[in-house]
1. Please pick out the residue among Leu41, Leu32, Leu20 that is over 24 Å from Ser409 (Cβ atoms), among the hydrophobic types (A, V, I, L, M, F, W, C) and modelled with pLDDT under 85.
2. Can you tell me which of (1) at pLDDT below 70; (2) open to solvent by 90 Å² or more (accessible area, probe 1.4 Å) is the one Leu337 doesn't meet?
3. With the requirement that a residue be outside any helix (DSSP H, G or I) and surrounded by fewer than 17 Cβ atoms within 10 Å (Cβ to Cβ), what does segment 386-426 give you?
4. Against the definition (in a helix (DSSP H, G or I), among the hydrophobic types (A, V, I, L, M, F, W, C) and closer than 25 Å to Val285 by Cα), how does Leu133 come out, yes or no?
5. Limited to segment 81-101, what total is found for residues that are in contact with a Lys or Arg (Cβ under 9 Å, 6 or more places away or on another chain) and either outside any helix (DSSP H, G or I) or at pLDDT 80 or above (or both)?
6. Is it the case that Ile53 is touching a residue at least 40 places away in the same chain (Cβ under 8 Å) and of a type in the set (A, V, I, L, M)?
7. Is there any pair linking a residue in segment 1-19 that is touching a residue at least 12 places away in the same chain (Cβ under 8 Å) to one that is part of a loop (DSSP other than H, G, I, E, B), with Cβ under 7 Å and at least six apart or on different chains, and which?
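The values are calculated or read from the model by the stated rules, or taken from the named source; none is laboratory data. None of the values given here were measured: they were computed from a predicted structure. Virtual Cβ from ideal backbone geometry, glycine too; neighbours counted across all protein chains shown. What goes into the accessible areas is simple: the full protein's heavy atoms, side chains included, and nothing from ligands, DNA or RNA. Shrake-Rupley method; radii C 1.70, N 1.55, O 1.52, S 1.80 Å.
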Amino acid sequence: WLVYSKPVPANGRELWTLFLQCSCVTAVMGGLFYNWMFASLEYSWHFSVAMAISFSLLLLLTLFLVHPARCVFSMIMPTLGTKEGRKLLLSTCIMIVVVNITPNIISNIKTILQIIMCICKNSSESLLNSTALLETAAWEFGDAIQETIHSINIYRPMNGHFQFSLLKNSSFIYQQMHIAGEKIGRDFLAVEVLVKDAVRVGSRVVAGFSMLYLCYKSTWYLKNYLTNLPFDNFYITKKLEHLAVDRKAAHLLVDSSKNLIRPTGLKLSREEVMLCLMQAMLLTVALMLMLVVVAIDHFAFSVADTTVRKAAQFSMVPVALGIKYRILPSLLKILRLSDEELPFYNFERSYRHHLIFNSAHCRISPPTPPNPSVLLIMGLLFCIIYATVFLETYAHRLCRKIAGSFFESREEERALYLYNKLSRRH
């Protein structure tokens with residue numbers, strides 16, 4: 001660390017040590033950068049490789065040649081534990097939810113619609129087939145009437161049969177249902193693609209902005225550390241303790257212990273605690289929204305699974321059609337006929353049919369259960385996010401310690417400024 005934080009290496013050995021350190025850091029960062037772009041932001045692998053190599057080379061030259069850049073880069077690491085790091089983790093959670101949970105919800109909804117379409121198709125087909133039963137019954141009944149009327153010498157119609165034209169439109173109905181099903185499938189696919197693309201672009205924008213803001217935040221902190229002596233200067237550092245001991249004023253630090261904080265201690269001020277609680281409340285709102293999406297996923301699967309099981313239990317509904325025809329005795333008297341003169345006196349027949357609501361020929365995709373690993377990953381990420389809320393204060397303290405190790409002369413000036421301020425108060 002002494003070699004890494006030096007403005008200029010003292011000899012060739014320190015120079016090679018610094019180059020080796022920068023090379024190891026850039027190799028690790030290049031791998032993480034590639035994995036982040038390819039796996040999290042879903043860029044193509046060749047674009048991710050090209051960006052990772054370019055980023056690694058640029059980072060290597062910057063870290064090796066520019067001393068303040070090494071300080072800024074070192075402060076970016078603890079800055080990831082602050083609000084900006086939480087934004088990156090939240091964007092990752094949103095991406096995981098959209099890529100893994102949203103298609104699952106849409107798939108289960110499509111399963112429910114497929115079952116509804118299957119029931120509609122089979123029930124309509126069975127109902128249309130029942131019209132054939134009606135046509136058979138009407139045709140036989142018409143034959144009987146024709147035969148009866150033919151045996152007596154009275155006026156008779158040219159044709160005593162009923163005509164059914166509904167069966168001729170069955171193929172048209174099937175075609176319309178097929179077209180409607182395909183249209184619903186295309187609409188769902190378009191919605192799924194639109195949601196994925198929108199969230200993917202949003203996550204990329206948020207991630208890029210967050211990375212740039214991380215660099216800006218670290219640079220802003222270093223700039224204020226170097227130019228503004230009162231900035232973030234309320235810690236009891238070792239340099240301040242040595243200065244107070246050398247000047248025999250150690251009591252100043254004891255009297256000011258309520259207003260000053262040791263950078264290595266775990267004590268949090270009241271303002272820091274309230275800020276942590278506010279951040280935790282905001283994160284809880286985001287967590288509840290994520291859990292609503294997860295609950296919708298489980299609900300959609302439950303409905304789809306129940307629908308599939310209930311649809312498989314649908315039984316056939318028997319339909320019976322009975323025709324009973326009898327010539328009244330009064331009609332025989334009017335026609336002056338006896339019972340023996342009519343070959344057809346009574347007509348009584350029964351026709352049976354079954355209405356089918358479900359069929360094994362329907363193409364129904366099985367319901368997709370929720371992926372428990374997605375919920376586990378989300379839980380781990382939110383545990384890290386909640387941890388960063390309370391570690392943010394310590395991350396700021398670590399940033400100050402890093403800046404002090406890179407610019408020791410400025411740290412001495414800041415310690416002298418704080419000592420003089422405490423002396424004036426005393």
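1. Residue meeting the stated conditions: Leu41.
2. Every condition holds for Leu337 apart from (2).
3. His426
4. Against the criterion (in a helix (DSSP H, G or I), among the hydrophobic types (A, V, I, L, M, F, W, C) and closer than 25 Å to Val285 by Cα), Leu133 does not qualify.
5. Of the residues in that region, 1 qualify.
6. no
7. What qualifies is Val3/Pro9; Leu18/Pro9.
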